[in-house]
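Colleague: Below is one structure. I have some questions about it.
The values are calculated or read from the model by the stated rules, or taken from the named source; none is laboratory data. Owing to the predicted nature of the structure, the values given are computational and were not obtained by experimental measurement. Neighbour counts are summed over all protein chains in view; Cβ atoms, including those assigned to glycine, are modelled from backbone coordinates with ideal geometry. Keep in mind that these areas ignore ligands, DNA and RNA; they rest on the heavy atoms of the full protein, side chains included. Shrake-Rupley method; radii C 1.70, N 1.55, O 1.52, S 1.80 Å.
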Amino acid sequence: MRHGKKFNHLSRQTGHRKAMLANMACSLIEHKRINTTVAKAKALKQFVEPLITKSKEDTTHNRRIVFAYLRNKYGVTELFREVAAKVGDRPGGYTRIIKMGNRLGDNADMAMIELVDFNELYNGGKKEEKKGRTRRAKAKPVTATPAPKPAPVVEEVEEVHPSVSEQAEQTPEAEAPAVVETPVVEDSSASEQAEQTPEAPAAEVEVHAVDDTPAETPEAPVAEVETEIPADEAPDSSVSEQAEQSPADEDNSDEKKEDE
């Protein structure tokens, strides 16, 4: 009984089976896809994929091992040149089996086995996606590196500061307090009282002092100090009256002497 024996003999002897698989492997390497039964396609998948893995390292030892299985030097050359270069980045799973329905004569299950990397219909979009990912990965550091863009902004800020300082220096001149001149008006009533009262004390001098402006603001006008004329300097009306009365007094004194 064959309990637990999963290896498919394909109804052939060992030599016949090995020769058939070697011929099918050479045809797959040459044409990149072949049509056969599902059972033979599964057996061929187990036979050819280890040989493709050996072809990734192109050494004399690996070439001799592959040649011992294929027995065809042209198939070995094709495998190590074209197929290995195309399949170098793939970590296994080099073939694909697609079922094609039943055969008309004996109703056997048919299938197509092909090399995955040589199917342009299935892998057309996937190859472009892989390239796009690698380009994006390479482009990210390029977009992240340009950091000199903020530099001109800093320069603009530095250029603005001097203008602000100039405005701050100019503000004291603009904000300097304007000194208003206060005209001095002579009080006529005071002069009249002085004439009427000759013994009245002299009026106090009124001086309007003006605050000095800061030395940093030469443009601010300086108020002139004006003083009122004191009553002592003003012409004394009592003296003039005495001068007018003095001749009359002399006449009176002469008359008194004559009476005596």
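Colleague: Just report the Cα centroid separation between the stretch 77-94 and the stretch 1-66, whole Å.
Modeller: Centre-to-centre (Cα) distance: 16 Å.
Colleague: Using 27 Å as the Cα-Cα cut-off, could you pick out the over-long pairs in Lys6/Lys99; Lys5/Lys73; Lys32/Lys99; Lys5/Lys86; Lys5/Lys32?
Modeller: Details: Lys6/Lys99 21 Å; Lys5/Lys73 34 Å; Lys32/Lys99 16 Å; Lys5/Lys86 36 Å; Lys5/Lys32 31 Å.
Check vs 27 Å cut-off fails for Lys5/Lys73; Lys5/Lys86; Lys5/Lys32.
Colleague: Would you report the distance distribution of C-alpha pairs in the stretch 7-118 as whole percents per 5 angstrom bin, up to the bin with the largest distance?
Modeller: 2, 12, 23, 23, 20, 11, 6, 2, 1, 0
Colleague: What ranking do 98-104, 81-87 get when scored by the average of other Cβ atoms within 10 Å per residue, highest first?
Modeller: Ranking the peptides 98-104, 81-87 by packing returns 81-87, 98-104.
Colleague: On to the next question. Mind grabbing the accessible area of His31 for me, 1.4 Å probe, Å², rounded to tens?
Modeller: 110 Å²
Colleague: If you don't mind, there's one more thing I want to ask. Largest first, how would Asp58, Asp117 line up by accessible area (1.4 Å probe)? Kindly include the intermediate steps, with their values, before the conclusion.
Modeller: Details: Asp58 95, Asp117 20 Å².
Most to least solvent-accessible, the answer reads Asp58, Asp117.
Colleague: Which ³J(HN,Hα) values in Hz, rounded to whole numbers, follow from the phi angles of the stretch 68-81 under the Karplus curve 6.51 cos²θ - 1.76 cosθ + 1.60, where θ = phi - 60° and Gly and Pro get x?
Modeller: 5, 8, 7, 6, 8, 5, 5, x, 5, 4, 4, 5, 7, 9
Colleague: Of Ser11, Ser27, which has the most accessible area with a 1.4 Å probe, and how do the rest follow in descending order?
Modeller: Details: Ser11 120, Ser27 45 Å².
Correct descending sequence by accessible area is Ser11, Ser27.
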